[in-house]
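What follows is a short report on a single structure.
A short reminder: the numbers here are calculations on the coordinates, not readings from a lab. Only a predicted model underlies this, so the values are computations on that prediction, with no experimental measurement involved. As a convention, Cβ positions derive from the backbone with ideal geometry for all residues, glycine included, and neighbour counts pool all protein chains shown.
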Amino acid sequence: MPRVNMVQALNMALREEMRRDPRVVVLGEDVGRMGGVFLVTEGLIEEFGEERVIDTPLTEMGIVGVAIGMAMYGLRPVAEIQFIDFIYEAFDQIVNNAAWMRFRSAGMYKVPLVIRGPCCGGIRGGMHHSQSNEAYFIHTPGLYVVMPSRPYDAKGLLKESIRVDDAVIFLEPKSVYRTVREEVPEDDYTIPLGKGRVVREGDDVTLVTWGAMVYVAEKAAELAEKRRGWSVEIIDLRTLFPWDKDLVVSSLEKTGRLVIVHEAWKTLGPGAEISAYIAENHIDLLRGPVKRVASYDTPFPLVHEKLYMPNVARIYRALMEVMEW
Amino acid sequence: MTSLLGDVDLPFKPLPPRVLEEYSGMLREALGFKRAIDEEGRVVDESLLPKLTNRELAEIYEYMVRARVLDGWLLKLQRMGKVALHAPNRGQEATAVGTAKPMKPHDWLFPSYRELGAYIVRGMSEEEILDRAMNTIDDPLKGSDFAIYGNRKYNIVPAPVPVGNQIPLATGAAIAAKILGHDTVVVAMFGDGASSRGDFHTGLNFAGVFKAPVVYVLQNNQWAISVPTKRQTAAPSFAVKALAYGVPGIRVDGNDVLAVYSIVSRAIERARRREGPTLVEAVTYRLGAHTTADDPSRYRREEEVKIAERYEPLRRYRKFLESQGVLTEKEALQLEEEWDSRVEEIVRKVLQKPGLPKDVFFENVYERPPWVLEEEKKEFEESLKIAEELGIELEE
Ligand SMILES: Cc1ncc(C[n+]2csc(CCOP(=O)(O)OP(=O)(O)O)c2C)c(N)n1
Ligand SMILES: [Mg+2]
């Protein structure tokens, strides 16, 4: 099995799906002859040609709108947004057409589309190359929202996303693109949407997170274990809508304590939904308050980003608050 | 008041011949090519030579030199890890300088991220630009984003990183100036790639409808990262796009600083007379990488760049100045060396400055911070203390 990084795993997924299904096409800015600014689509144009690997004019509204039309007609497009921060021009298309076409045509038309792109911070990218804006999409009925944290999941989840008959927003934490390597099978495997995974088992507190925060959470958990003897269970949700509530609830049955860590803004971030759901339905499981560690409610800064995003100290503080409550 | 037959076409009929005539004239400009001097600095169109004194002509050259020297330093500093990202300007100095020079101080500029020459012309110093690029304590934009510049002091609105989203803002500011009875003209600069965005189309459409006093300068540097202009549009020029919005478009040699100056200054005058907007397409070439994060060898040949180097704007203008007896080759080179050592000194000074405070990002989100941010700031301060107690370095 080859040891690959997330960029290579995503490339494998695209290549395999394009070989398997001639309806799969890739489009976006610089995805063709350049292979994408992060090289996720490297080599695809050589194998599949310009009709299936399409360098587009510079407009996210155009890329997404055209991809929706392609999907409705019978292709299975994968539209790249060069940085997810640039997706806002496409919002009308995403909400009104990608998400709602099935409903507004009473099921006559479907939009089997993947909109994928790099997200999140940690590379000193400033306010337009760092955002974690998943909440906008989670909030919109009709969309799946996915964010892998490691190469193995990236491949399996992207393949599944391409096969799903609804629109999927597929967010790739770019700080992990080349920093994590692991064995990824060359065979055809998929990971179902809506299923999280336990990254680290523990008994005292459940820490729910996703994307690059998985690695920061692991560091904080190790520190908490070493200094205080607390045993932290970490869950990587992987899919943010629908999120794996069964996995979270079964962990809470064991720990009774919940900390949610995400890079998205705190106000109405995904943590708010998870926390509210648990409060509504499983208050009996909780031994103390739910704590959220999120990016502060300001635009993403170019300077001091590591202080702005959840970091080990901030997560440690939240763990203290729930453990010592 | 409702008008009868004023707002609609009844009965339907062909457009009057004068419209076709007017549009064929506009078409010639939009598909034409204005240039004052050729690649060897020889005058080819007297009518495009601006009426400037020798001192002003030399000053224009100096601005271009300053832009080029600073560009080189920003590249160097990025390689040293002192600057997060830089978008090289090399080759596009004539468009930036030629656009900003005819503007008045109270005119507004909505630039893109590749216009060092324009900032310098409008009074921004090398020190300020370096403070910005290195996010020192004096960074006027307080660490908000990389590769962009702006300062209300010079009526330069900070460029957006999302390509082209300043275009409707420029239109709106111009309409506001008109409503308020100011004689301000607004200038927006952006690339060929930006012309594909909805913002471009809606910005020009509003400008046409409301006769906004705005000048759009589209820098066609022939690339949008790896995408050549032929993939950006099937139209034969970018200038021609304006015509669909009832706005004149003019295609000009963007490496000819005199032609850019003349055409932009005519467009500004037209806007100042409240006769409407203009789109100027400046044809140029991006000699450098897209940004310091880009490797152009993945998508374009080195030979192409070598050929383009021959047409670069400084050499051409230097030849013109020499032929006019304004500046000798030696004086020109001296100027470059002078600015290089001046900037070196500034760099040394700026490198000594402290960075921005840790809590800077809590500023300027709202005029009056809501309780949410106040609570978050408390958490922030506590987390810094915890990091200290735990002995962990958060920012490595
Ligand atoms: C809305 C948006 N989409 C994508 C990007 C990524 N990007 C940055 S610059 C660029 C190309 C811009 O080309 P052009 O407008 O011609 O300007 P140039 O860089 O050539 O000066 C792209 C695609 C962006 N900044 N904004
Ligand atoms: Mg360009």
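For chain B, DSSP calls about 20 percent of its internal beta bridges antiparallel. Take each residue in A:311-318, count the other chain C-beta atoms within 10 Å of its C-beta, and the mean is 6.
By average Cβ neighbour count within 10 Å, what is the ranking of B:378-384, A:219-225 from highest down?
Details: B:378-384: 15.3, A:219-225: 19.7.
Answer by packing, highest mean first, reads A:219-225, B:378-384.
Using the Cα centre of chain B as origin and beta-carbon charges of +1 (Lys, Arg) and -1 (Asp, Glu), tell me which of B:Leu258, B:Tyr23, B:Gly208 is placed farthest towards the positive end of the dipole. Value: B:Tyr23. In this Cβ point-charge picture (+1 for Lys and Arg, -1 for Asp and Glu), segment B:208-281 has a dipole of about 240 debye about its Cα centre. For A:Lys155, the lysines whose Cα falls under 16 Å of its own Cα, not counting residues fewer than eight places away in the same chain, are A:Lys174, A:Lys195. Looking only at the protein assembly as shown, where both bridge partners belong to it, what percent of the DSSP beta bridges are antiparallel (to the nearest 5)? If we restrict to bridges inside the protein assembly as shown, about 20 percent are antiparallel.
As an exercise, find the ratio Rg/Rh for chain A from alpha-carbon atoms, using the Kirkwood inverse-distance average for Rh. Before the final figure, lay out each step's value.
Details: Rg = 19.5 Å, Rh = 20.0 Å.
With Rh from the inverse mean 1/r over Cα pairs, Rg/Rh is 0.97.
Based on every Cα atom in chain B, Rg and the maximum pairwise Cα distance Dmax equal 23.2, 83 Å.
Helix-only mean residue ellipticity at 222 nm, the protein assembly as shown, DSSP H runs n ≥ 4 weighted -39,500 (n - 2.57), per residue, nearest 500. What is it?
That comes out to -12000 deg cm²/dmol.
With springs only between Cα atoms under 10 Å apart, run a GNM on chain B and tell me which of B:Glu376, B:Glu59, B:Glu39 wobbles the most. The residue that fluctuates most here is B:Glu376.
Highest mean packing first, where packing is the average number of other Cβ atoms within 10 Å per residue, the peptides A:92-104, B:22-34 line up as A:92-104, B:22-34. The magnitude of the dipole of chain B, with charges of +1 and -1 set on the Cβ of Lys/Arg and Asp/Glu and taken from the Cα centre, is near 1560 debye. Hydrodynamic radius of segment B:37-170 by the Kirkwood approach over all distinct alpha-carbon pairs: 15.7 Å.
When only the Cβ of Lys, Arg, Asp and Glu is charged (+1, +1, -1, -1), the dipole of the protein assembly as shown relative to its Cα centre reaches about 1180 debye.
Of the residues A:Ser295, A:Ala313, A:Ala276, the one whose Cα sits farthest towards the positive end of the charge dipole of segment A:268-319 is A:Ala313 (charges of +1 on Lys and Arg Cβ, -1 on Asp and Glu Cβ, taken about the Cα centre). The distance separating the Cα centre of segment A:28-67 from that of segment A:287-325 comes to 37 Å.
Which residue, A:Ala79, A:Trp243, B:Val8, has the largest displacement toward the positive end of the dipole of the protein assembly as shown when charges sit on each Cβ (Lys, Arg +1; Asp, Glu -1)? With unit charges placed on the Cβ atoms, the residue in question is B:Val8.
Hydrodynamic estimate: the Kirkwood radius of segment B:219-348 over Cα pairs, inserted into Stokes-Einstein at 25 °C and 0.890 mPa s, corresponds to D of 140 µm²/s. DSSP assigns beta bridges within chain A; of those with both partners inside it, close to 20 percent run antiparallel. Springs between Cα atoms under 10 Å define the GNM used for chain A, and in it the highest mean-square fluctuation of A:Leu240, A:Leu302, A:Leu27 occurs at A:Leu302. On the principal axes of its alpha carbon atoms, the protein assembly as shown extends 85, 68, 61 Å, with the longest extent given first. Karplus-based coupling profile of segment A:176-181, in residue order and whole Hz: 9, 2, 10, 8, 10, 10, with θ = phi - 60° in 6.51 cos²θ - 1.76 cosθ + 1.60 and x standing for Gly or Pro. Amide H contacts of A:Val199: A:Ile234, A:Ile235, A:Asp236, each under 5 Å away and 5 or more positions distant or on a separate chain (H built 1.01 Å from N in the peptide plane; Pro and chain starts excluded). The mean number of partner chain beta-carbon atoms within 10 angstrom of a residue's beta-carbon across peptide A:122-128 is 5.
Sorting A:68-81, B:175-188 by their mean Cβ neighbour count within 10 Å, with the most densely packed peptide first, gives A:68-81, B:175-188. Taken residue by residue and averaged, Cβ atoms of other chains lying within 10 Å of the Cβ of A:28-38 number 5.
Between their Cα atoms, which of B:Lys51/B:Lys211; B:Lys51/B:Lys142; A:Lys219/B:Lys349; B:Lys104/B:Lys230; A:Lys226/B:Lys378; B:Lys230/B:Lys319 are more than 30 Å away from each other?
From B:Lys51/B:Lys211; B:Lys51/B:Lys142; A:Lys219/B:Lys349; B:Lys104/B:Lys230; A:Lys226/B:Lys378; B:Lys230/B:Lys319, over 30 Å: B:Lys51/B:Lys142; A:Lys219/B:Lys349; B:Lys104/B:Lys230; B:Lys230/B:Lys319.
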